[in-house]
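Colleague: If you scroll down you'll find the structure; I have some questions about it.
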Amino acid sequence: MEQLELDRSQKTRQEPHLHRTGPDSATRHKKPMIKWPIAFDKKLSKLLDEDLEPILEASMQGQADRKLQTLITIDYSVAKERLGQVEVKACKEPPRPMKRQTRIDNL
């Protein structure tokens, strides 16, 4: 029984870790948001689908990881071109400190 447990523990130590790590936070950047059509705007959604369908059919070749990355890139770029980007609102004033923080500062 002990030998079986030892064998199992050795096998688990030898197996490589299969977790994925994301890109480093220094190299990661946030893309601008897209003005996606609202849910009940069927006409605009259908036009976007009709535009994307032939492009995706022509480019979906190769391995699954490559297909997924291609799908994301093409969808984003076509939607950005057709629908535009969400404008980021600038903050008018800096955020004020919380009540607790001001009480601590006053002490």
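Colleague: Restricting to region 59-77, name every residue that is among the hydrophobic types (A, V, I, L, M, F, W, C) and at pLDDT 85 or above. Let's see the steps before the verdict.
Modeller: Step one: of region 59-77, the residues among the hydrophobic types (A, V, I, L, M, F, W, C) are 60, 64, 68, 71-72, 74.
Those that are among the hydrophobic types (A, V, I, L, M, F, W, C) and at pLDDT 85 or above: Ala64, Leu68, Leu71, Ile72, Ile74.
Colleague: Identify all residues within region 50-71 that are loosely packed, with under 10 Cβ neighbours inside 10 Å and charged (D, E, K, R); write none if there are none.
Modeller: Glu50, Glu57, Asp65
Colleague: Next question. Quick test of your reading of the structure: Gly84 fulfils all but one of (1) modelled with pLDDT under 80; (2) more than 17 Å from the chain's Cα centre (by Cα); (3) among the small types (Gly, Ala, Ser). Name the failing condition by number.
Modeller: (1)
The values are calculated or read from the model by the stated rules, or taken from the named source; none is laboratory data. What you are looking at is a predicted structure, and each value in this text was computed from that prediction instead of being measured. All Cβ positions, even for glycine, are placed from backbone atoms using ideal geometry, and neighbour counts span all protein chains on display.
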